[in-house]
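For reference, the structure is listed below as structure tokens.
Every read-out reported here was derived from the displayed coordinates using simple, explicitly stated rules and does not represent laboratory data. Because the structure is a prediction, the values reported are computed rather than measured. Using ideal geometry, Cβ is built from the backbone for each residue, glycine included, and neighbour counts are taken over all protein chains shown.
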């Protein structure tokens, strides 16, 4: 019993030490800011923080961004996530870093727990957990500012509950898994939800075929239903926003393949268009991105040969020097953060051996890994997985096919764990004894060396993620001012009450506002008179918050009060005034005289989504408390 407890604590301490060794790099200078995409996520965090603390209202509308956009409709916005409590407690800058450390810990614990549900040994579970989360995919994403990928830490829990439900035939596991999917959605982890659906769906199909039962497929559907219901408060506004501002990407995915299809386009351009602009680079050595972190012009190359693809894959899986802002290979279109997934030679070898040593248990994972790997290759033919799934709803808005490398190594590390157990059983035998202890010791040392190597590589990849001291913020404007310059550094501009007329956003809404630098700028609120040439009117903003604007207007003629903010469904005015759209902006018609008009953003789709989520949560709690009739119970070593 004492040795058993010691073994458990040793497992947790080893995984925790590795997670902290990597993620602890972000704690160097808790008040420091990051480069690359970190400005976008600091901006999201601060805008939510200000809405909740400063204005005491939910962040439904973001008035500091691209002329004003629905905050609740932004799928990458981390609202309403439970993690916001950490932001409110310590501020967005420190909270982001604590979230990174916490998600590393959550991830390794969840991967270990999932592996135990799959009946892997303790050693194989530690190896699978460490190999996946100590890989460079997460370190590189963190270094580049891709905060939304932290929710990949929940992927093992969803699969673990699916596996547990398969063994126990207990539908309550679908509720827990659905809640985790909802958490991923509320955190803004849209890619992680897609990958989770892809992996869970295929595993459910494979397990149904293995067991000749539809139960895993039923549970997978239930997980999706529970996840949708619990996250409806965010999903419905997101769906509404994306319906008005659809986001589609070229099926090519990776422009490196343009050379194989002269008619293919990326961003509306053909290969010849890029050549005319002299944006084609035939060879690239180890080149850094620009000093400010902006990526270089799009790189297009000759059609890749089989050797190019092979060396690229070797670099991605086995290259020990991996930095997010580097260009190592001619095939690269983006920085290395889109490709680096170091797992080391042991994992690659074990995954390959699982075909021979553990085919019966590992084939669903091997096929999943293979499908994801091929999907990561992009549009190399009409039959390519990426080409086919890109035609489906939601999948059509995905950006980089190389991101399928993340679920690829997730599945591959589990297959490697099965191979490790098979080797352990073949060499050590089924009984305890000197030979078994010797084999366990040798394999344990081998696993420890591999994980230490992974930690060293990932720690190097994440180092220097937050190098910038806190910037000096300009004096805050009393009323939001729309500016073109604000898009260059949105967080600092927002804290000074500037609204970026243009910025970088996964969804590209139509921007109707006029920046203060433009000759046509009329102010943040102005009077549009129905009588041409009429003078004497006055409009001023007397109060505002992210979701409201109060305007005092005096007009000698009929006309309309216009806000220099994009119109969106959900804006209304207090009676007796009405809301209308004027040249894409928020407006309200008025008669001659004095007026005080209050504009409010309160979308009905948010209220409907909230109702669905509350009802789903109540039903879930009721079912979990009452239990499910005939539910089985199994115990699993943590």
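At 7 Å along Cα-to-Cβ for each site, give me the label-to-label distance between residue 581 and residue 596 in nm.
3.1 nm
Can you tell me the orientation of helix 172-186 relative to the chain, as the angle in degrees between its alpha-carbon axis and the longest Cα principal axis, to the nearest 10?
Tilt of helix 172-186: around 50 degrees.
Determine by what factor the alpha-carbon radius of gyration of region 525-604 differs from 2.2 N^0.38 Å, reporting the quotient.
Dividing the Cα radius of gyration by 2.2 N^0.38 Å gives 1.02.
Using 0.36 nm per residue of separation minus the Cα-Cα distance, give me the extension gain between residue 485 and residue 554 in nm, one decimal.
So the extension gain works out to 21.7 nm.
R0 = 30 Å: FRET efficiency of residue 569 with residue 217, Cβ-based, nearest 0.05?
Efficiency computed from Cβ-Cβ geometry: 0.25.
Express the Stokes-Einstein translational diffusion coefficient of region 79-143 in µm² s⁻¹, to the nearest whole number, given a Kirkwood radius over alpha-carbon pairs, 25 °C and a viscosity of 0.890 mPa s.
186 µm²/s
Any idea what the alpha-carbon Rg over 2.2 N^0.38 Å comes to for region 58-166?
Taking N as the residue count of region 58-166, the ratio is 1.29.
Order the peptides 334-344, 398-408, 439-449, 112-122 from the highest to the lowest mean number of other Cβ atoms within 10 Å of their residues.
Result, highest mean first: 334-344, 398-408, 112-122, 439-449.
At R0 = 45 Å, how high is the FRET efficiency between residue 540 and residue 621 if r is their beta carbon distance? Nearest 0.05 is fine.
The pair residue 540/residue 621 has a calculated efficiency of 0.35.
Taking the structure as given and computing log10 I(q)/I(0) by the Debye sum over Cα atoms at q = 0.06, 0.10 Å⁻¹, which label from (i) -0.37, -0.97; (ii) -0.69, -1.21; (iii) -0.31, -0.92 fits?
(i)
Please compute the alpha carbon radius of gyration of region 165-211, then divide it by the globular-protein estimate 2.2 N^0.38 Å. Two decimals is fine.
1.26
Using per-residue counts of other Cβ atoms within 10 Å, averaged over each peptide, order 55-61, 35-41 from highest down.
My ranking of the peptides, most packed first, is 35-41, 55-61.
By how many nm would the segment from residue 453 to residue 9 lengthen if fully extended, with 0.36 nm per residue of separation less the alpha-carbon distance?
Residue separation times 0.36 nm, minus the Cα-Cα distance, leaves 157.7 nm.
Angle, helix 405-428 long axis vs. longest principal axis of the chain, Cα atoms, 0 to 90°, nearest 10?
Tilt relative to the chain: about 20 degrees.
Could you give the nm distance between label points at residue 370 and residue 88, where each point is 7 Å from its Cα heading toward the beta carbon?
According to this spin-label approximation, the distance is 5.0 nm.
Run the simple label-point estimate for residue 504 and residue 435 please: 7 Å along Cα→C-beta, distance reported in nm.
Going by the 7 Å Cα→Cβ label model, 5.9 nm.
Assuming a viscosity of 0.692 mPa s and a temperature of 37 °C, what translational diffusion coefficient in µm² per second does Stokes-Einstein assign to region 355-475, Rh being the Kirkwood radius over Cα pairs?
Here the translational diffusion coefficient equals 180 µm²/s.
Multiplying the sequence separation of residue 168 and residue 442 by 0.36 nm and subtracting their Cα-Cα distance, what value in nm do you get?
That works out to 95.2 nm of additional length.
Given the rule -39500 (n - 2.57) for each run of at least 4 DSSP H residues, summed and divided by the residues of the chain, what is its mean residue ellipticity at 222 nm, to the nearest 500 deg cm²/dmol?
-15500 deg cm²/dmol
Against the longest alpha carbon principal axis of the chain, how many degrees, from 0 to 90 and to the nearest 10, is the axis of helix 38-49 turned?
Compared with the principal axis, the helix lies near 60 degrees.
Can you give me the convex hull volume of the Cα atoms of region 408-532, divided per residue and expressed in Å³?
205 Å³
Please report 535, 97 as a ranked list, fewest other C-beta atoms within 10 angstrom at the top and most at the bottom.
535, 97
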